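The values are calculated or read from the model by the stated rules, or taken from the named source; none is laboratory data. Every value quoted in this text rests on a predicted model; they were computed, and no experiment measured them. Glycine gets a Cβ as well: all are built from the backbone with ideal geometry, and neighbour counts include every protein chain shown.
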């Protein structure tokens, strides 16, 4: 197919989405342009608005158009328990798949010194301020079961121990190397309910 011109650029733009290759991108573009231009226009307008207005929650760092996200603003939730996740998508899936009624903290990544990602890049200074407040009783570490995810969980566990806060790790069910976003709900629920305490010698 001739890839130059606006049509080719549009197809290429759709390829930036995870799991979308050239063939899938072509089908999406032709569907929108041939049969559903109203939806295409609504999609474009909503995307532009989202890019302009959506930022990070001041408390948990998830994506929201408000200073506080809906979860952080919900007074009925337990603010003494925080679930630590790597991405806003992980917070979304945990909240949908489990009965967790606490709060979240989104790292937007994991510790990776070789890539220049340290504690400051993950917002751990903000998390430590919350730990130092004395209002937090437990951190549930739900980082992914990768080498970097485990190292991040251990680092945060030590941070929690420094402030005499109990830290637990989601347990079996999520496979090593697996990511929360691609884990089915029943497996995630089992792992979440089976979380274990980290051995960080909390006094």
Checking the structure you have, find out if any residue of segment 165-178 is over 16 Å from residue 62 (Cα atoms), within 15 Å of the chain's Cα centre (by Cα) and surrounded by fewer than 21 Cβ atoms within 10 Å (Cβ to Cβ). yes
Among the residues of segment 135-149, count how many are out of contact with any strand residue (DSSP E or B) (no Cβ under 8 Å at 6 or more places or on another chain) and surrounded by 23 or more Cβ atoms within 10 Å (Cβ to Cβ). 2
Please state which of the following conditions residue 159 fails to meet, knowing it meets all the rest: (1) farther than 25 Å from residue 19 by Cα; (2) surrounded by fewer than 18 Cβ atoms within 10 Å (Cβ to Cβ); (3) in contact with a helix residue (DSSP H, G or I) (Cβ under 9 Å, 6 or more places away or on another chain). (2)
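Of all residues in segment 100-124, count the ones that are in a helix (DSSP H, G or I) and at pLDDT 95 or above. First the steps, then the outcome.
Of the residues in segment 100-124, the ones in a helix (DSSP H, G or I) are 113-115, 124.
Checking the rest, the ones that are also at pLDDT 95 or above come to 124.
Looking only at that region, the number is 1.
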Pick from segment 181-199, criterion at pLDDT below 75 and closer than 16 Å to residue 82 by Cβ, ranking: surrounded by the fewest Cβ atoms within 10 Å (Cβ to Cβ): 197
When residues of segment 24-68 are limited to those that are exposed (fewer than 12 other Cβ atoms within 10 Å of the Cβ) and farther than 22 Å from residue 89 by Cα, the one modelled with the lowest pLDDT: 35
Can you tell me how many residues in segment 71-99 are surrounded by fewer than 18 Cβ atoms within 10 Å (Cβ to Cβ) and in a loop (DSSP other than H, G, I, E, B)? 8
Residue 87 fails exactly one of (1) closer than 30 Å to residue 147 by Cα; (2) out of contact with any strand residue (DSSP E or B) (no Cβ under 9 Å at 6 or more places or on another chain), namely (2)
